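S.K.: First, the structure itself, so that you have it in front of you.
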Amino acid sequence: MQVGSRRCILNPVSGTGDHAEYVTRLLRGRGFAVDHTEGEGDALALAREAGAAGVSELAVCGGDGTINEVLRGLDAADHLADVTLSVIPAGTANILARTVGIEGIEAAVDIADTGEIATVDVGMAGDEPFLVSCIAGFPAEASVATSSELKARFGTLAFLLTGAQQALSFDGLDVRLETEAETWEGEAICLLVGNARRFVEEGGQADMADGLFDVAVVERMPAGDLVSEAVRHRVLGQGTEGVTHIQAAQITVTGRDGPITFSRDGEVSAHETVTMAIRPRELNLRVGSDYEPTPE
């Protein structure tokens, strides 16, 4: 690969698994070399290779998990700040793509070619980067439990079906949260840390360049309401009883009775203690025309 080249990492089995040939043809017509993944970890390895080679533009075709693998590979190559990243949604939920105003494969390819570029924050959970959110509690447990077969059959409804089951059996979290300004500890149903997403009022896009996480701690809520809101990646507004909202550039989360399972842009890990911190304006990301740099 030559320095300054365009490259795409494509997951051929994400989502419905019928996009690979079409996307490959479209991207090659725009001057992108296209590499297909063959299994878990391939996107990370290919991104690390692309970063080491000094690629200037990298497209990712797949779901949020594939994007996170690419993000980790670029970070491992110390190349996050030196690349322009674009996303072509081909997964089940496609949360990042929708958040930055990208809908549909053809529109996404156009944006990858000539779209506007926003410089956005990158969240870090320990040593692992994320763009959208890092969540713990029953939504993370539902993410772990949702099978590929269920996602293939029901799409985003699969998360609702699994979440409803998980909510009935989830015991809750015993956590301590520490920021520079405040400390919170107690029992929680879930902890939602958003970088691209916010979990207040109508949810939706957060300010991705303000240097802050949007954090929500949900202490109690009727299970049915919580499932519905979590699947939509939002919770109720500022006045909701039992919901604490925090904005912070850094937050340390400790499980007071053992490790906590986190879903970091769909990638799962467990930590007894983890510090999440913002890397301000770290990544150049191509965005759609509906993207709002400073949403209300």
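The values are calculated or read from the model by the stated rules, or taken from the named source; none is laboratory data. Quantities reported herein were computed from a predicted structural model and do not represent experimental measurements. All Cβ positions, even for glycine, are placed from backbone atoms using ideal geometry, and neighbour counts span all protein chains on display. When the accessible area is computed, the model is the full protein with side chains, heavy atoms only, and any ligands, DNA or RNA have been set aside. Shrake-Rupley method; radii C 1.70, N 1.55, O 1.52, S 1.80 Å.
S.K.: With a cut-off of 13 Å, note down the residues of region 269-292 whose backbone N falls inside the zone around a label point 7 Å from the Cα of Gln250 toward its beta carbon.
M.R.: Within reach of a label on Gln250, which here means backbone N under 13 Å from a point 7 Å along Cα→Cβ, region 269-292 contributes 275-280.
S.K.: Rounded to the nearest 0.05, what FRET efficiency do Asp174 and Glu40 have when you use their Cβ-Cβ distance and R0 = 45 Å? Don't jump to the answer; show the numbers that get you there.
M.R.: Details: r = 31 Å, r/R0 = 0.70.
E(calc), rounded to 0.05, equals 0.90.
S.K.: Using a 1.4 angstrom probe and counting only protein chains, how large is the accessible area of Ser14 in Å², to 10?
M.R.: Accessible area, nearest 10 Å²: 10 Å².
S.K.: What whole number of Å gives the distance from the Cα centroid of region 14-62 to the Cα centroid of region 252-276?
M.R.: Using only Cα atoms to place each centre, the spacing works out to 29 Å.
S.K.: Follow-up. Hey, rough spin-label estimate for Ile105 and Ala209, points 7 angstrom out along Cα→Cβ, what's it come to in nanometres?
M.R.: Simple spin-label model gives 3.1 nm for this pair.
S.K.: Could you state the accessible area per residue of region 5-114 in Å², with a 1.4 Å probe and every protein chain left in place?
M.R.: On the way: 4160 Å² over 110 residues.
Each residue of region 5-114 exposes 38 Å² on average to a 1.4 Å probe.
S.K.: Continuing with this model, one more query. In region 5-114, what percent of the accessible surface is made up of carbon and sulfur (1.4 Å probe, ligands and nucleic acids excluded)?
M.R.: Values: 1830 of 4160 Å².
About 44 percent, which is the carbon plus sulfur part of the accessible surface.
S.K.: Enumerate the amide H contacts of Glu219 below 5 Å, restricted to partners 5 or more residues apart or on another chain; note that Pro and chain-start residues carry no placed amide H.
M.R.: The answer is Ile189, Val243, Thr244.
S.K.: Would you work out the relative contact order for region 5-114, in percent, from Cα pairs under 8 angstrom that are 6 or more residues apart? Spell out each step's value before the answer.
M.R.: Details: 198 pairs, mean separation 31.6, N = 110.
Reported as a whole number, the value is 29 percent.
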